[in-house]
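Computed from the coordinates by the stated procedures, all read-outs in this text should not be read as laboratory data. In this text the structure is predicted, and so the values were computed from the model without any measurement. Note that each Cβ is placed from the backbone with ideal geometry, even for glycine, and that neighbours are counted across all protein chains shown.
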Amino acid sequence: MSAPVHDLTDQPPRLVLDHLAITARTLDEGVAHVRETLGIDMPPGGAHPRMGTHNRLLSLGQDVFLEVIAVDPAAATPACGRWYGLDHFDDAPRIGTWILGTPDIERSLARAHADSGPAIEAVRGDLEWLISVPADGSMPMQGAYPTLIQWPEGPLPVTRMAGRGCALIGLEISHPDAERIATMLAGQFDDPRVSYVAGALGFAATFDTPSGVRTLR
């Protein structure tokens, strides 16, 4: 899948909230974290051969999903750094970053944080997409600035994911330079569920679940 090339002087593409990624040392740890917090079990996902990772995926509706992702111990070590900083992740599971969808990733990257990296091709099963990943697998602003993703044309992959009756109510992004994140995304992204707070790096996602309102960090 190749990214289209456009005149960068026109208006930037609109960005939409696509998903939240929980980084974990193992899938079991990440799934347990979600179960303990939200009271649900994450449905199956798949593997990413190029990145040496695997995941679990939960639909949060028709446009947003939750991902638990970890290094796949059965996969070969990739030549590049694993995305979401997983090569160096050795901590309790947590929301590691958030991902915004774009219809034209090259145009969006032209206006993105300088550490966003290039758009690379990713594969899971028969699904291919483009996603911004620096060569070392790091994340801009330690994950507080979003990763960008471009899905192929057609129904979004979330429409084929299993759900557990959970919906995202709000996402708070905390970072010492939160105002810069908001400023960089202004004119491209506007979602009333998302807020920015100056403070220590972290995320707080609030969900409506079958067990009531829960907050996942």
Between the alpha carbon centres of region 156-217 and region 97-118 the gap in Å comes to 18 Å
If I model a spin label at ASP115 and ALA182 as a point 7 Å from the Cα along the Cα→Cβ vector, what separation in nanometres do I get?
2.1 nm
Under the rule a/c < 1.5 gives rounded, and otherwise a/b versus b/c splits prolate from oblate, where does region 132-217 land using the Cα gyration tensor?
oblate
Which trypsin sites (Lys or Arg not before Pro) in region 1-106 pass both tests, a DSSP loop state and at most 16 other beta-carbon atoms within 10 Å?
ARG14, ARG25
Between ASP91 and VAL213, what FRET efficiency follows from the Cβ-Cβ distance if R0 is 41 Å, with the result rounded to 0.05?
0.95
Dipole magnitude of region 16-164 about its Cα centre (Cβ charges: Lys, Arg +1; Asp, Glu -1), debye to nearest 20:
160 debye
Quick check: net charge around ALA205, other residues with Cβ under 11 Å of its Cβ, Lys/Arg +1 and Asp/Glu -1?
+3
Once Lys and Arg are counted +1 and Asp and Glu -1 for all other residues with Cβ under 13 Å from that of GLN150, the total becomes -4
Förster-model FRET efficiency, 30 Å R0, ALA76 and GLN142, C-beta, rounded to 0.05:
0.65
Kirkwood radius from Cα pairs of region 16-164 plugged into Stokes-Einstein at 20 °C, 1.002 mPa s, gives D in µm²/s equal to 140 µm²/s
Considering the dipole of region 16-164 built from charges on the beta carbon (Lys and Arg +1, Asp and Glu -1) around the Cα centre, which of GLY85, GLY52, PHE65 is farthest to its positive end?
PHE65
